[in-house]
1. Among the small types (Gly, Ala, Ser), buried (at least 22 other Cβ atoms within 10 Å of the Cβ), closer than 28 Å to residue 181 by Cα and in contact with a strand residue (DSSP E or B) (Cβ under 9 Å, 6 or more places away or on another chain), is that true of residue 132?
2. Any residue at all in segment 211-221 that's farther than 22 Å from residue 133 by Cβ, buried (at least 18 other Cβ atoms within 10 Å of the Cβ) and of a type in the set (Phe, Trp, Tyr)?
3. What is the one condition in (1) of a type outside the set (Phe, Trp, Tyr); (2) within 23 Å of residue 103 (Cβ to Cβ); (3) outside any loop (DSSP other than H, G, I, E, B) that residue 167 does not satisfy?
4. When the residues of segment 218-247 are filtered to those that are of a type in the set (A, V, I, L, M) and not in a strand (DSSP E or B), which remaining residue is farthest from residue 201 (Cα to Cα)?
5. Among the numbered conditions (1) modelled with pLDDT of 95 or more; (2) crowded, with 19+ Cβ neighbours inside 10 Å; (3) in a helix (DSSP H, G or I), tell me where residue 150 comes up short.
6. Filter segment 58-82 for residues that are surrounded by 14 or more Cβ atoms within 10 Å (Cβ to Cβ) and more than 19 Å from residue 175 (Cβ to Cβ) and give the result.
7. Would you please list the contacts, defined by Cβ atoms under 8 Å and residues six or more apart or on different chains, that run from a residue in segment 53-65 that is among the hydroxyl-bearing types (Ser, Thr, Tyr) to a residue that is at pLDDT 95 or above and buried (at least 17 other Cβ atoms within 10 Å of the Cβ)?
8. Against the definition (surrounded by 10 or more Cβ atoms within 10 Å (Cβ to Cβ), closer than 27 Å to residue 108 by Cα and at pLDDT below 90), how does residue 40 come out, yes or no?
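The values are calculated or read from the model by the stated rules, or taken from the named source; none is laboratory data. The structure displayed is predicted, hence computed values, not measured ones. Every residue, glycine as well, gets a Cβ built from its backbone with ideal geometry; the counts of neighbours run over all protein chains shown.
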Amino acid sequence: MPHPAATATDTAAAAAQHGAPAGVAYPKTIKSFVRRAGRTTTGQAKAFEDLGPRFILPYSPQPLDANAAFGRSAPLILEIGFGMGEATAHIARVRPDDNFLCCEVHEPGVGALLKRLGEQGQTNIRILQHDAVEVIDHMLAPGSLDGVHIFFPDPWHKKKHNKRRLIQPPLVAKLAARLKPGGYLHCATDWQPYAEQMLEVLSAEPLLANSASGYAPQPDYRPLTKFENRGLRLGHGVWDLVFLRRA
């Protein structure tokens with residue numbers, strides 16, 4: 001975050017240097033999450049106890065051995081922030097040949113996804129209950145990912161809070177570097193100003209190329225969540241962006 005005494009010119013210069021959209025202050029650090037209140041249910045707590053040791057990976061500041069973590073060799077997809085895990089479980093179910101490494105710090109959400117894994121017998125998900133930025137920095141080697149999913153991150157609607165948005169040039173550069181050539185970064189949002197910022201930031205990353213002429217059609221693997229369906233009934237739009245890592 002810029003120093004409180006920074007001038008508008010200073011902020012604009014920093015934004016230009018880092019490729020941030022005009023009018024959006026450039027933060028010095030990025031967090032992939034904001035802690036939310038919530039109560040873990042009895043079922044979620046039981047899922048933590050029964051399934052946590054199998055599916056939750058401990059954070060460690062050293063490169064992840066994905067083959068050991070999943071017990072097999074398969075394409076590795078990183079998901080940042082899965083909420084209550086509804087879409088995550090669906091995607092992993094319809095793509096059984098891929099491994100999904102999922103970062104979420106919200107305990108009820110982690111418990112809910114664990115509960116789904118137990119009910120559906122899925123085995124191709126591993127969870128890191130840790131800040132995704134530190135996971136990217138310390139656990140994921142360059143060229144180690146086949147894909148990245150970031151669905152409906154907090155839009156931080158007020159302009160003065162736009163700098164808190166996850167999709168900023170520094171994070172996108174980190175993710176692009178960790179994608180294999182041909183790997184993809186898929187973002188989705190239901191807030192048009194954030195969609196516009198995403199398109200601008202992703203388009204400015206030299207390692208990435210847009211798979212569409214602008215916004216992408218919704219890939220068939222991404223389901224409509226209950227929240228999204230409610231928004232669509234109210235006339236809200238949804239924007240998908242799919243960018244590919246250049247060779």
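1. Spelling it out, residue 132 is indeed among the small types (Gly, Ala, Ser), buried (at least 22 other Cβ atoms within 10 Å of the Cβ), closer than 28 Å to residue 181 by Cα and in contact with a strand residue (DSSP E or B) (Cβ under 9 Å, 6 or more places away or on another chain).
2. Yes, there is a match, as at least one residue in segment 211-221 is farther than 22 Å from residue 133 by Cβ, buried (at least 18 other Cβ atoms within 10 Å of the Cβ) and of a type in the set (Phe, Trp, Tyr).
3. In the conditions (1) of a type outside the set (Phe, Trp, Tyr); (2) within 23 Å of residue 103 (Cβ to Cβ); (3) outside any loop (DSSP other than H, G, I, E, B), residue 167 misses (3) alone.
4. Among those residues, the one meeting the criterion is 234.
5. (3)
6. The answer is 69, 70, 74.
7. Taking only residues 6 or more apart or on different chains, the pairs are 59/128; 59/129; 59/130; 59/135; 59/139; 60/139.
8. It is true that residue 40 is surrounded by 10 or more Cβ atoms within 10 Å (Cβ to Cβ), closer than 27 Å to residue 108 by Cα and at pLDDT below 90.
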